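What follows is a set of notes on a single structure, which appears directly below.
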Amino acid sequence: MSVAADEAPFDETELYGFLHFRIDTAFKAQKRSNWFWGRFYNALVGQSATYVPLSGTHLRQALSCLGLQAPEKVVVQGRYELRLDYALKAYEELALRVNAESN
């Protein structure tokens, strides 16, 4: 079931919520990385403080929000990491779009 969810594209509102969760998780990992046991925990669970994990589908969508095209080697079923600064830019762009739709 999880694989199917990762392959299905989100609409803009869903992608906005998904990126919100992923970015928040990265920020929490950044806070934890200030002390030894926090870095140990991040390594144990595989959480990065500077990258956001995405499927190929969601990576393509996030990059598309920025007007960028994903490399051809990005596959739908793949697991990728997007730099946090790019994820934040995509999130901000989606925030503008989602708020414009609701008004």
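For residue 70, are the conditions met, namely being surrounded by 13 or more Cβ atoms within 10 Å (Cβ to Cβ), touching a Lys or Arg at 6+ places or on another chain (Cβ under 9 Å) and either in a helix (DSSP H, G or I) or of a type outside the set (Val, Ile, Thr) (or both)?
Yes, satisfied.
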Check your understanding: In segment 90-103, is there at least one residue being open to solvent by 60 Å² or more (accessible area, probe 1.4 Å) and touching a residue at least 60 places away in the same chain (Cβ under 8 Å)?
Key -> yes
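Residue check: is residue 50 open to solvent by 20 Å² or more (accessible area, probe 1.4 Å) and among the β-branched types (Val, Ile, Thr)?
On the way: open to solvent by 20 Å² or more (accessible area, probe 1.4 Å): yes; among the β-branched types (Val, Ile, Thr): yes.
When the stated conditions are applied, residue 50 passes them.
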Study note, to complete from the structure: Going through segment 22-42 in order, the residues found to be farther than 20 Å from residue 85 by Cα and not aromatic (Phe, Trp, Tyr) are 38, 39
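The values are calculated or read from the model by the stated rules, or taken from the named source; none is laboratory data. Because the structure is predicted, anything quoted here is derived from the model rather than measured. For neighbour counting, all protein chains shown are included, and Cβ atoms are generated from backbone atoms with ideal geometry for every residue, glycine included. When the accessible area is computed, the model is the full protein with side chains, heavy atoms only, and any ligands, DNA or RNA have been set aside. Shrake-Rupley method; radii C 1.70, N 1.55, O 1.52, S 1.80 Å.
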